[in-house]
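Worksheet: one structure, shown below.
Here, each number is a calculation from the coordinates, and none is a lab measurement. Remember, predicted model here, so these are calculated numbers, not experimental data. Using ideal geometry, Cβ is built from the backbone for each residue, glycine included, and neighbour counts are taken over all protein chains shown.
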């Protein structure tokens, strides 16, 4: 889904995403405190942390839905809040955690809305090809003519992911993309992200399940009480002592290949 005039996919001299000293409060109550991190191009980074640690708020700030009290967000070296809506859409795609369908549009038409940053007055053949390719990648091409509102929750989730893929952004943010997916589709989707998408775009996802994260992610960010905590040097991210601190409960880890699975103690 290469677009004419798109930016180079990977530039090792420019961070795909830089969040610098971001603070945010709701009604005077701090939610994010001095959040700092960088994301390298071509990686699949996963944000982990307990409910209420500020993960979804962080994503809403990155995509411009919220403005921080202080700090900056830059995407491929460009300050995101200073960009036009069209520029933002070409740089960054976002799948929110919740979506409420209202109108029974056909699945193909829903996916085509992801092409808004590239389309003129009417979708062109290349836009329809991009939409169909995104659906086929996720195994939902057979749903293209069905009403979106008639689909199951898991099928709707895959349609929304296809819509973001059709957008062809340089940076893709996924807030709990597996929340409505069964075991097979959740693993299939995350394997697709790592193996097929990361060669072409940078992906950052919020996942609640650390086992899915460690099975498929390449880099990990830990958010604890509104602050990114740094993994100690030479400590694997699935270290049981580290994860017990992150989640506030005792856990054990079971080795699996070069990684590990996490279980409550």
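Side notes on the structure shown:
- Condition broken by residue 87, with the remaining ones in (1) touching a residue at least 40 places away in the same chain (Cβ under 8 Å); (2) part of a helix (DSSP H, G or I); (3) within 19 Å of the chain's Cα centre (by Cα) satisfied: (1)
- For region 203-222, the criterion of a residue being free of Cβ contacts under 8 Å to residues at least 12 places away in the same chain and either at negative phi or surrounded by fewer than 22 Cβ atoms within 10 Å (Cβ to Cβ) (or both) is satisfied by no position.
- Screening 196, 244 for residues that are touching a strand residue (DSSP E or B) at 6+ places or on another chain (Cβ under 7 Å), surrounded by fewer than 18 Cβ atoms within 10 Å (Cβ to Cβ) and part of a helix (DSSP H, G or I) leaves exactly one candidate, 244.
- All conditions but one from (1) more than 17 Å from residue 205 (Cα to Cα); (2) surrounded by 14 or more Cβ atoms within 10 Å (Cβ to Cβ); (3) within 19 Å of the chain's Cα centre (by Cα) apply to residue 105; the one that does not is (3).
- If you go through region 51-75 and pick out every residue that is at positive phi, touching a strand residue (DSSP E or B) at 6+ places or on another chain (Cβ under 7 Å) and outside any strand (DSSP E or B), you end up with 1.
- Region 113-154, residues that are under 18 Å from the mean Cα position of the chain (by Cα) and without any contact (Cβ under 8 Å) to a residue 24 or more places away in the chain: none
- Of the criteria (1) without any contact (Cβ under 8 Å) to a residue 12 or more places away in the chain; (2) within 29 Å of residue 133 (Cα to Cα), which one residue 241 fails: (2)
- Per-region count, region 210-241, residues assigned to a loop (DSSP other than H, G, I, E, B) and out of contact with any strand residue (DSSP E or B) (no Cβ under 9 Å at 6 or more places or on another chain): 4
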